[in-house]
Amino acid sequence: MVVNSFFVVRHGETQANVMGVNAGPLDYPLTKKGKKEIEYLAKALSETKISGVYSSPVFRAVETAKIMARPHKLVVQTLEGLTESKLKAEFVGKKGRKRILITPEAFDETRQELQKRMVRSIEEIKKKASGNVIVVSHGDPITALLEYVVERKIESNGYYVLHPDPGSVSVIDVKDRLELVLFNYHRKLFQPWELGAHA
C-alpha cells in the first residue's frame, strides 16, 4: 500500500475563531460560514479518488471530516495524534488566542513534541492507507507538520510562516520524501482544476 497524496484540511470556522477564544478540546461546532467553506472543499475534491479520511477526535474537526468524507461515502477514522495542540487548562475557553510558537508557556507540550506526534500520525496513516488521503486537524498541528515537510528548523524565537486558514487545504505529495505542493487553498482562492492533477 502506497499513499500518493495527503490533503491536509484545517477544520472550518467556529464561533471560537470568530470570538478569538482558545477552543482547545471544547466542542465548538462549525459556523454557517465554516460549513460553506468545507462544503466548497468537499465539492472541489469530490471527483478526486480518496481512499480514507482521518481526523482529530475534536468535534469541530470530526464535523469537518464528515463533510469531506460524504462525496466518497467513507467513514471518518479518528486519530488522537491529530488532535489540537495541548493548551493548559486555565486558558481553555478564554479569550486571547494562544499560539504554540508565540506563547509556548501556555501549552502542556512543546512545539517539538507537537511536531513529533503529527509526523507519527502521518506515518501511521501511511501504513494503513493507499492512494489519496484526507487528513483533518487544527492550525498549530498542521503548521508543525508543514514545517517538518519543508524542513523549517524549530527555533526558540518562533514566528509563523506556514499557518493555514480555517477551512483550507494543503496538499502533501509522497515521493522519496514528503513534498508540499499546495498551501492554504480555500473558498476565496480555489480554482477546482488545480486539484485535477491529483485525481
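The values are calculated or read from the model by the stated rules, or taken from the named source; none is laboratory data. Model, not experiment: these values are computed from the prediction. Glycine gets a Cβ as well: all are built from the backbone with ideal geometry, and neighbour counts include every protein chain shown.
Go through (1) in contact with a Leu (Cβ under 8 Å, 6 or more places away or on another chain); (2) at pLDDT 95 or above; (3) among the β-branched types (Val, Ile, Thr) for Thr83 and report which single condition fails. Status for Thr83: all satisfied but (1). Residues in segment 43-75 that are out of contact with any Asp or Glu (no Cβ under 7 Å at 6 or more places or on another chain) and among the hydroxyl-bearing types (Ser, Thr, Tyr): Ser46, Thr48, Ser51, Tyr54, Ser55, Thr64.
Conditions tested, residue by residue: (1) modelled with pLDDT of 75 or more; (2) part of a loop (DSSP other than H, G, I, E, B); (3) surrounded by 15 or more Cβ atoms within 10 Å (Cβ to Cβ); (4) not hydrophobic (A, V, I, L, M, F, W, C).
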position: Asn157; (1), (2), (3), (4): no, yes, no, yes
position: Tyr160; (1), (2), (3), (4): no, yes, no, yes
position: Asp165; (1), (2), (3), (4): yes, yes, yes, yes
position: Asp176; (1), (2), (3), (4): yes, yes, no, yes
position: Phe183; (1), (2), (3), (4): yes, no, yes, no
position: Lys188; (1), (2), (3), (4): no, yes, no, yes
position: Glu194; (1), (2), (3), (4): no, no, no, yes
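Can you find even one residue in segment 87-106 that is part of a loop (DSSP other than H, G, I, E, B), surrounded by 21 or more Cβ atoms within 10 Å (Cβ to Cβ) and either in contact (Cβ under 8 Å) with a residue 60 or more places away in the chain or within 15 Å of the chain's Cα centre (by Cα) (or both)? Within segment 87-106 (the criterion being part of a loop (DSSP other than H, G, I, E, B), surrounded by 21 or more Cβ atoms within 10 Å (Cβ to Cβ) and either in contact (Cβ under 8 Å) with a residue 60 or more places away in the chain or within 15 Å of the chain's Cα centre (by Cα) (or both)), the answer is no, since none of the residues qualifies. Scanning segment 42-62 for residues that are more than 13 Å from the chain's Cα centre (by Cα) and not aromatic (Phe, Trp, Tyr) gives Ala42, Lys43, Ala44, Leu45, Ser46, Glu47, Thr48, Lys49, Ile50, Ser51, Gly52.
Restricting attention to segment 44-80, the residues being among the basic types (Lys, Arg) and outside any helix (DSSP H, G or I) number 2. Residues that are touching a Lys or Arg at 6+ places or on another chain (Cβ under 7 Å) and either surrounded by 19 or more Cβ atoms within 10 Å (Cβ to Cβ) or of a type in the set (D, E, K, R) (or both) within segment 1-20 comprise Val3, His11, Gly12, Glu13, Thr14, listed in sequence order.
Does segment 23-31 contain at least one residue that is part of a helix (DSSP H, G or I) and either at pLDDT below 95 or more than 19 Å from Ala144 (Cβ to Cβ) (or both)? Checked segment 23-31: no residue is part of a helix (DSSP H, G or I) and either at pLDDT below 95 or more than 19 Å from Ala144 (Cβ to Cβ) (or both).
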